[in-house]
Every structure is written in C-alpha cells, then in structure tokens.
1. Can you tell me which residues in the range 51-86 are at pLDDT below 95, over 21 Å from residue 214 (Cβ atoms), surrounded by fewer than 20 Cβ atoms within 10 Å (Cβ to Cβ) and touching a helix residue (DSSP H, G or I) at 6+ places or on another chain (Cβ under 6 Å)?
2. In the set 48, 38, which member is more than 24 Å from residue 82 (Cα to Cα), at pLDDT 90 or above and either in contact with a Cys (Cβ under 9 Å, 6 or more places away or on another chain) or surrounded by fewer than 23 Cβ atoms within 10 Å (Cβ to Cβ) (or both)?
3. Picking from 96, 122, 146, which residue would you name as being out of contact with any Phe, Trp or Tyr (no Cβ under 8 Å at 6 or more places or on another chain) and modelled with pLDDT under 95?
4. Can you work out which of the residues in the range 101-150 that are in a helix (DSSP H, G or I), within 15 Å of the chain's Cα centre (by Cα) and not hydrophobic (A, V, I, L, M, F, W, C) is farthest from residue 50 (Cα to Cα)?
5. I want to confirm something. Restricting to the range 125-142 and keeping residues that are surrounded by fewer than 24 Cβ atoms within 10 Å (Cβ to Cβ) and in contact with a Phe, Trp or Tyr (Cβ under 9 Å, 6 or more places away or on another chain), which single residue is farthest from residue 38 (Cα to Cα)?
6. Output the qualifying pairs, or none if there are none: Cβ atoms under 7 angstrom, residues six or more apart or on different chains, first residue in the range 39-62 and of a type in the set (A, V, I, L, M, F, W, C), second residue in a loop (DSSP other than H, G, I, E, B).
7. Answer with yes or no whether residue 58 is on the phi > 0 side of the Ramachandran plot and more than 13 Å from the chain's Cα centre (by Cα).
Amino acid sequence: MKKYVAEFFGTFILVFIGCGTAMLVGCDAANGSGYLLTALAFGLAIVTMAYGLGNISGGHVNPAVSLAVFINGGISSTDLVGYIVAQVLGATAGSGILAAIFALCGLQDMTGGLGCNGLPGGSSPMLGAILVEIITTCIFIVTILGVTSKKQSHGSFGGLVIGLTLVALHIVSIGITGTSVNPARSLGPAIVAAICGNTKGISAVIAFIIGPCIGAAIGAFLYKWLETSDESKGKSRKK
C-alpha cells in the first residue's frame with residue numbers, strides 16, 4: 001500500500017509544480033521565459049520525486065513509465081493497475097488543489113485550462129499530437145530504462161539525467177502539444193477543467209493517453225532488444 005501512496009503523492013507533486021507553473025507563467029513559444037520555466041518545473045519535479053520516492057515505489061509518477069517497467073518485468077500486473085490508479089488520482093487531486101488555490105487567491109483569470117495538453121493546428125491535429133507523444137515518450141522511456149538498469153550503474157546521477165531529459169522533451173514539444181509523455185498528468189487536469197466548465201482538455205485527452213502508451217511500449221521493447229543484443233555481443237567477444 002505504501003508504494004501506491006508514494007505514487008499518488010509523487011504524481012500530485014508533479015502536477016502541482018509543473019501545471020501550477022504553466023498556469024502562472026504560461027507556456028507558449030512566443031513567451032520564451034514562461035516556456036522555459038514550465039519545462040524546468042516539470043523536469044525539477046521529476047528530479048525531486050526520483051530521489052525522494054525512488055526507493056519506495058521507483059518514483060514512476062507516470063502510467064507510461066509503469067507500463068514500460070511492467071513490460072520489462074520490473075513490476076507485476078497487480079502493481080501496474082495499482083500504480084496507474086494511484087497516479088491518476090494523484091494528478092486529479094493536484095489539479096483540484098491548484099484550482100482551489102487559484103480561486104481562493106483571486107487568480108481565476110490565470111488558470112487557463114489548468115495546464116491541460118492541447119492539440120496542435122493543421123489538417124490532422126489528433127494524429128500529429130499522437131505522433132509527437134509517441135516519439136517523446138519513447139525517448140523518455142529509453143532514457144529511464146538505461147539509467148536505472150542494474151547491469152550498468154549510473155550512481156546517484158540517474159534522477160538528474162531523467163529530469164533533464166524531461167526538460168529537453170518539454171522544450172522541443174511544449175509549442176506543439178504542451179508536452180505530456182504522461183497520461184495521468186494529462187487526464188487529471190482535463191477532468192478538473194471539465195468539472196470547472198472547460199471541456200477542451202477532456203476532448204483532446206485521448207491523444208495523450210494513446211500516444212504515451214504506444215511510445216512507452218516501443219521504448220520498452222526497443223531497450224530490451226538493444227540491451228539483449230549488447231549482451232550477446234559481449235558473450236561472443238569472450239568466446
């Protein structure tokens with residue numbers, strides 16, 4: 001039960017810090033400082049949770065990460081379901097608290113969509129968003145599996161590398177989708193925004209569930225194949 005509580009708390013913090021920053025400073029490409037601050041907020045939140053909760057639950061705070069770890073045999077199917085439920089509840093609670101704080105502080109005009117992800121323009125915005133999320137999530141997952149691999153220790157820098165990777169992914173894709181790579185981070189704000197009367201987030205959220213899940217699966221299988229291939233080469237050299 002403690003690991004589920006840890007995942008709830010970690011995802012709550014991720015949304016509170018990341019989406020809270022986006023609500024305060026904005027994250028459009030034209031507003032460069034807000035763009036970078038939002039990217040840093042999400043990345044630093046992940047660094048915090050990786051070091052703070054990594055020894056309890058692994059510090060996934062992301063259903064896509066949990067799916068990838070499950071594919072690689074790191075957690076059971078029961079834990080996968082428990083983690084995802086805890087993460088979605090944590091993200092929803094984080095968004096709810098943000099909405100309440102902004103309302104109590106008279107900052108309703110700054111809430112926007114509570115940090116919801118959105119579809120880009122163009123002829124096929126849904127397909128475009130899904131493709132972006134597949135690619136960025138795949139990169140994120142390969143990085144996570146690489147730095148947390150027991151076969152090659154990266155010492156105490158793993159959490160920092162993961163956080164900086166998330167910053168980089170936000171920088172490249174905030175202007176397209178707002179960057180998700182995390183279905184819970186997208187679903188929580190979308191649910192609360194819909195309750196508050198803004199349904200734009202909930203109408204687009206399917207892209208930010210499908211894309212990260214596909215990207216996570218590709219990243220997990222890709223890393224497993226790469227790691228296995230590397231081991232086979234090593235054994236051949238020894239012979």
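1. 51, 56
2. 38
3. Just one listed residue meets the conditions, 122.
4. That would be 133.
5. Checking each candidate, the answer is 142.
6. Partner pairs satisfying both residue conditions: 49/59; 49/61; 50/59; 53/59.
7. Judged against the criteria, residue 58 is a match.
The values are calculated or read from the model by the stated rules, or taken from the named source; none is laboratory data. Keep in mind the model is a prediction, meaning the values are calculated, not measured. Note that each Cβ is placed from the backbone with ideal geometry, even for glycine, and that neighbours are counted across all protein chains shown.
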